[in-house]
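The values are calculated or read from the model by the stated rules, or taken from the named source; none is laboratory data. Keep in mind the model is a prediction, meaning the values are calculated, not measured. Cβ sites come from the backbone with ideal geometry, for glycine too, and all protein chains shown count toward neighbours. Remember, those area values only see protein heavy atoms, side chains included, never the ligands or the DNA or RNA. Shrake-Rupley method; radii C 1.70, N 1.55, O 1.52, S 1.80 Å.
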Amino acid sequence: AHSVVKAGLRRLKTSYSRISLEDVASRLGLPSATSAEFVVAKAVRDGVIDATIDHEGGYVQSHDLVDVYATVEPSEAFHRRIAYCLTTHNDAVRAMRYTPDAYKKQLEASRGLRRSREEKTDEEKAQEIEDELDDEDYEY
């Protein structure tokens, strides 16, 4: 039963910024304005609604929600996100940056390896030919 009353209070708070305790009692089906005052006080204390009870005037004044978008907070959060994205981008670009002509050194080094391999094979061929000639000289 309390959860139904709390839900009703929440709906009344969103519908009305200011409502009399008699109206709260009639809309929630409570017997009197005094019982409505007790229920509203308990709901305010429990944090169910954000409101103030005016005992002399006999009404409940709900506190307005602060418009978050009217503050600086969203723009600061947006700025932090953009700064993070830009930092990530700059770090990625910096990581991909090569020193000038670095690829030429790698290319020359790979060509040098090919040449040394080719030279080795030529030297090996020359050695084989000499070995064959030496073997032919011994056969005569």
Determine which single condition Val24 fails, assuming it passes every other condition in (1) surrounded by 10 or more Cβ atoms within 10 Å (Cβ to Cβ); (2) β-branched (Val, Ile, Thr); (3) at pLDDT below 85. (3)
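Determine which member of the set Val48, Val44 is open to solvent by 40 Å² or more (accessible area, probe 1.4 Å), within 20 Å of Asp64 (Cα to Cα) and among the hydrophobic types (A, V, I, L, M, F, W, C). Spell out how you get there, then give the answer.
Working: Val48 fails: open to solvent by 40 Å² or more (accessible area, probe 1.4 Å).
Matching residue, one of Val48, Val44: Val44.
Can you tell me which residues in the stretch 59-73 are closer than 30 Å to Leu9 by Cβ and out of contact with any Ser or Thr (no Cβ under 6 Å at 6 or more places or on another chain)? Write out each step before concluding.
Looking only at the stretch 59-73, we keep the residues that are closer than 30 Å to Leu9 by Cβ, and these are 59-71, 73.
Once the filter is applied, which keeps residues that are closer than 30 Å to Leu9 by Cβ and out of contact with any Ser or Thr (no Cβ under 6 Å at 6 or more places or on another chain), the stretch 59-73 yields Val60, His63, Asp64, Leu65, Val66, Asp67, Val68, Tyr69, Ala70, Thr71, Glu73.
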What number of residues within the stretch 51-69 are open to solvent by 80 Å² or more (accessible area, probe 1.4 Å) and either over 32 Å from the mean Cα position of the chain (by Cα) or not β-branched (Val, Ile, Thr) (or both)? 6
State all residues of the stretch 71-103 that are surrounded by 10 or more Cβ atoms within 10 Å (Cβ to Cβ) and among the aromatic types (Phe, Trp, Tyr); if no residue qualifies, say none. Phe78, Tyr84, Tyr103
